[in-house]
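Asker: Here it is, the structure in full.
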Amino acid sequence: MAREISAGAVVFKRNKDIKFLLLNYESGHWDFPKGNVEKGEDKRETAIREIREETSLKNIKIIEGFENKISYFYKREGKTIYKEVTFYLAETTTDTVSLSYEHRDYVWLNYQDAIKKLTYKNAKETLKKAWEFLNAAGGQ
Ligand code: ATP
């Protein structure tokens, strides 16, 4: 079976409260920035590259100590693909997002609204863990 190894990040910014960045993928779902690992890259490098390519955000800082791996199956051209995605936690100080052709829309949402907006359960669980991590670290 074909396998895809991807990496991405729960991207957030702090103003009065913490806001998370969600992207609306061409296929319809709402998720975090992510993409497939390329040759010669480690997963953190992939996550940073994908954030830059997909959102054009600068000033991205990976927060040490958070990592959450999910996996799922999907079908492409009739073939089942097994996909693993490792998510990191990334802070930005930039508000302005400029999307690539891969996404239709983006939104910055607080935790409760982001949980509702995310399409998939494993993405909601990733956000919950990231939120708990930030709170435990005194992030709120
Ligand atoms: P990228 O390569 O940038 O990650 P993509 O659109 O090629 O983007 P996915 O976001 O993985 O790849 O979407 C591929 C298929 O998997 C879509 O049909 C999507 O609905 C489904 N999918 C995406 N995320 C999940 C998930 N967390 N759980 C289950 N299915 C998912």
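Asker: Output the residues belonging to segment 100-118 that are modelled with pLDDT of 95 or more, exposed (fewer than 15 other Cβ atoms within 10 Å of the Cβ) and not basic (Lys, Arg). Steps first, please.
Answerer: Here is the first cut: in segment 100-118, the residues modelled with pLDDT of 95 or more are 104-118.
Narrowing the set further to residues that are exposed (fewer than 15 other Cβ atoms within 10 Å of the Cβ) leaves 104-105, 110, 112-113, 116.
Scanning segment 100-118 gives Asp105, Asn110, Gln112, Asp113.
Asker: Here's something else I'd like to know. Taking only segment 26-54 into account, find how many residues are more than 10 Å from the ligand (Cβ to nearest atom) and under 17 Å from Val85 (Cβ atoms).
Answerer: If we filter segment 26-54 for residues that are more than 10 Å from the ligand (Cβ to nearest atom), which is where we start, we get 37-49, 51-52.
Remaining after also requiring under 17 Å from Val85 (Cβ atoms): 37-38, 41-49, 51.
The number of residues fulfilling the criteria is 12.
Asker: Also: Determine whether Val85 is near the ligand (Cβ under 9 Å from one of its atoms), in contact (Cβ under 8 Å) with a residue 40 or more places away in the chain, surrounded by 13 or more Cβ atoms within 10 Å (Cβ to Cβ) and under 16 Å from the mean Cα position of the chain (by Cα).
Answerer: yes
Asker: Of the numbered conditions (1) free of Cβ contacts under 8 Å to residues at least 24 places away in the same chain; (2) within 18 Å of Ser6 (Cα to Cα); (3) not charged (D, E, K, R), Ala47 satisfies every one except a single condition; which is it?
Answerer: Of (1) free of Cβ contacts under 8 Å to residues at least 24 places away in the same chain; (2) within 18 Å of Ser6 (Cα to Cα); (3) not charged (D, E, K, R), only one is false for Ala47: (1).
Asker: Would you be able to say whether some residue in segment 129-138 is within 14 Å of the ligand (Cβ to nearest atom) and surrounded by fewer than 14 Cβ atoms within 10 Å (Cβ to Cβ)?
Answerer: Within segment 129-138, not a single residue is within 14 Å of the ligand (Cβ to nearest atom) and surrounded by fewer than 14 Cβ atoms within 10 Å (Cβ to Cβ).
Asker: Now a separate question. Here's a check for you: in segment 10-36, which residue that is touching a Lys or Arg at 6+ places or on another chain (Cβ under 8 Å) and within 19 Å of Tyr101 (Cα to Cα) is surrounded by the most Cβ atoms within 10 Å (Cβ to Cβ)?
Answerer: Of all residues in segment 10-36, those touching a Lys or Arg at 6+ places or on another chain (Cβ under 8 Å) come to 12-13, 19, 21-22, 24-26, 30, 35.
Narrowing the set further to residues that are within 19 Å of Tyr101 (Cα to Cα) leaves 21-22, 24-26, 30, 35.
Numbers: Leu21: 24, Leu22: 26, Asn24: 17, Tyr25: 16, Glu26: 10, Trp30: 21, Gly35: 18.
So the residue we want is Leu22.
Asker: Check segment 119-127 and report whether any residue there is away from the ligand (no atom under 13 Å from the Cβ) and either surrounded by 14 or more Cβ atoms within 10 Å (Cβ to Cβ) or under 14 Å from Asp31 (Cα atoms) (or both). Please lay out each step first, then the result.
Answerer: Taking segment 119-127 as the starting set, the residues that turn out to be away from the ligand (no atom under 13 Å from the Cβ) are none.
No, the conditions are met nowhere in segment 119-127.
The values are calculated or read from the model by the stated rules, or taken from the named source; none is laboratory data. Fair warning: this is a prediction, and the values are worked out from it, not measured in the lab. We place every Cβ from the backbone using ideal geometry, glycine too, and count neighbours over all the protein chains shown.
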